[in-house]
Structure formats: C-alpha cells, structure tokens
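This report concerns only the one structure given below.
Where a number appears in this text, it was derived from the coordinates with a stated rule and is not lab data. Being a predicted model, the structure only gives us computed values, none of them experimental. As a convention, Cβ positions derive from the backbone with ideal geometry for all residues, glycine included, and neighbour counts pool all protein chains shown.
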Ligand code: SAH
Ligand code: SF4
C-alpha cells in the first residue's frame, strides 16, 4: 500500500491535485480546505458535509498531523512555550506572547540556524535542517488548538492575533517553505491571519528580502544590531557575506515598491559593544543616507548559559532610545517576555541540554 499523504502544508492547488489523484472532483478541495484550516479539524470522520464513503476514502489516503508536544511551559508573565517534535524526531520551540486582548505567536522556520550570531542561543546550535511548509504551518495550528481558536475567529475576537517569524532559524535561508507557509496562514478561507499582522525578521539575507516580501505581503523586520560593518561583522558573521550596504539597499528597494511600509530595525543592546551614543548617531546617519522610513525596536539582551555578553545598563538604553527619538524615529524598548522559561528572543533552542534547564 502506498504511503498516506499529509494534507497540512499543501496549498490550494496541491490539495486539488491530491483529490484528483484519488479520483475525486477538485471542487471538494474547497470543503476540505475549510475543514483543515478554518475548523482545524484533524478527524476525517467529523467532516460532516462530506459523504461517509468519501470520509472513509480520505482517511485511507491522507493524514492530518500536528507535531508532538514534548514539553510545555508557562512563564510567570503568561508567556507560553512549547517544545515540538516532528515525525523524524527533530524539535523546535514555539512561543505565544499574550497581551491584554491579543497576542503574538512566535514561530520557528529551521531546526537550529546556520547564521551563528554570537549573541543568539539558537545560533549556537548550528543548522540541522529546514522546516517544511507543513511543519511551519502546523506550529501555529498547535497554538490555536491550545487556545481553542477554532473555527477561525474574527480579527476582533482572536487572542492569537499576530505572528512573528522570530523563533529559531533564519526564514530567508528557508525561503520557499517560509513563503508557502505564510501564504497558507494568511489565506482568507482558512486560518486568515492578516498579512499586516505578520512580521518576518531576518538577519539580512540581502538577495532574498524583496522577493520574500513581494510573495507574502507581510511586514519586514531587520536584525541590524550594529551601525557599521566592522562592528556588525564581529557580532553577526553573516555581515561579511551581506554587508550593511547590501541589506539597506534591499530595504530601499522594498520601500520603493511600496511606499507605505515602515521597516522595523531590531537593535540588540549589548553592554559596551554597540550601545554608545556614537552608535546611535551612526544609525541615524544610515537611515538618512538610505532614506528609509524606519522605526527601531530596541532589544535588551537576553542572557543564556555560556554567552559572555552583558545586557546594557537601563540608563544607557534610555539614552540610546532618546537619541533616536530626538532624530524622529520611534524607538520603543522591547519588554523581555518569558525569560524565566528561556522563551525570550534569542533564547530558543531544541537540543537536549535545554531539557534539563
Ligand atoms: N533569524 C531571524 C529571526 C529570529 S531571531 C533574525 O535573526 O532576525 C529574532 C530576534 O531576536 C532577532 O532580532 C535576533 O537578533 C534577536 N536575538 C537573538 N539573540 C538574542 C538575545 N540573546 N537576546 C535578545 N534578542 C536576541
Ligand atoms: Fe539565526 Fe536569527 Fe539567531 Fe542570528 S539571531 S543565529 S539569524 S536565529
């Protein structure tokens, strides 16, 4: 008997084809899509607008899977972290960061990461493999299962209202799968997260930035973290491959295509490394030079075992933010969430040593 086909992760055309291949009419794809992504149903037997025979046939040919939840932790600030395991035993972490009446799910795109930023826990893990589109989509579906957000709620009533592609991995190193997953997550007949409520963060894989955004329509965040090549290459070795000029040129091109879009520049503040007022001035000059409509997101460094960097002092963070604000840029300081369970930015990891923490 041939192996069953996993339905999660197929786009609409692929779903039609899968139905055709088992001798069914392609219009069934619409119903099935709704069951998968609007109702979040995982049991063919419960798909009541399909005939009994069809339900039986579907269950013989297809599967609807979720990753296994290995562990779940909830922080004192209600941040929720899952360690998920896929069919081959590989694991990633995913985080839900609740706000008062909404919240963001932080999803991973790779097991580990090849970029190797010096301050990032994930980067210390090396890359094991890319996630498939199915795996990326199914992360979010696990969060929806947990918060009982099926069928897809309206925009106003959903708690899981936003997605940030800021978990493990570099999304633009897993370009096609990330694009495909985001297009499934935003499809209006299913999960229907608005494209404006999704932010994809990249360390700056310059050649793919414009393409990825054109194909998905989501918001862009760039992990900048330093205002010149010397410093950036020291803490983000990827900068040697794609130096600041190339990254910022791609940002310019992106804004040339869609003038209404702001770019968020994430800036991690490391004590005595990149937090001087001179660095702030260099940043301002860069934004002006490339004529970027930008806002900053200042990130206090989240420590993790084995990393030598220290978070900047509070007064220094304040002064840095003020300098940017005076130059006309929004520069909120990100409040670290879920630090007590290592769920904050840059703390995610899926190796065994994480389990003993
Ligand atoms: N790979 C992508 C997205 C995942 S990282 C990227 O690098 O943009 C999400 C954000 O967390 C990035 O801005 C990243 O630089 C930041 N980050 C990494 N390590 C961190 C740490 N230890 N403390 C705070 N933020 C960190
Ligand atoms: Fe990878 Fe992003 Fe971590 Fe850098 S910060 S190592 S790109 S996950």
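Laid out as a table, the results:
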| item | result |
| --- | --- |
| Volume per residue of the C-alpha convex hull in the stretch 122-279, rounded to whole Å³ | 145 Å³ |
| Relative contact order, percent, the chain [alpha-carbon distance under 8 Å, six or more residues apart] | 15 percent |
| The chain: antiparallel DSSP beta bridges as a percent of all, rounded to 5 | 45 percent |
| Share of pairwise Cα separations in the stretch 5-63, more than 15 Å, in percent | 40 percent |
| Max mean-square fluctuation residue, GNM over the chain, Cα-Cα springs under 10 Å, options 135, 85, 156 | 156 |
| Max mean-square fluctuation residue, GNM over the chain, Cα-Cα springs under 10 Å, options 191, 179, 284 | 284 |
| Calculated diffusion of the chain, Stokes-Einstein form, Kirkwood radius summed over Cα pairs, 20 °C and 1.002 mPa s, µm²/s | 101 µm²/s |
| Acute angle (nearest 10 degrees) that the helix 175-186 long axis makes with the longest principal axis of the chain, alpha-carbon atoms | 70 degrees |
| GNM result for the chain, Cα springs below 10 Å: residue of 45, 315, 330 fluctuating most strongly | 315 |
| Helix 206-216 vs. the chain, principal-axis angle (Cα, 0 to 90°, nearest 10) | 40 degrees |
| Exposure proxy order (Cβ contacts within 10 Å, fewest to most) of 276, 76 | 76, 276 |
| Degrees between helix 244-257 axis and first principal axis of the chain (Cα, 0 to 90, nearest 10) | 60 degrees |
| Relative contact order computed over the stretch 179-254 (Cα-Cα under 8 Å; 6+ residues apart), in percent | 30 percent |
| Cα centroid separation, the stretch 236-302 to the stretch 1-40 (Å) | 42 Å |
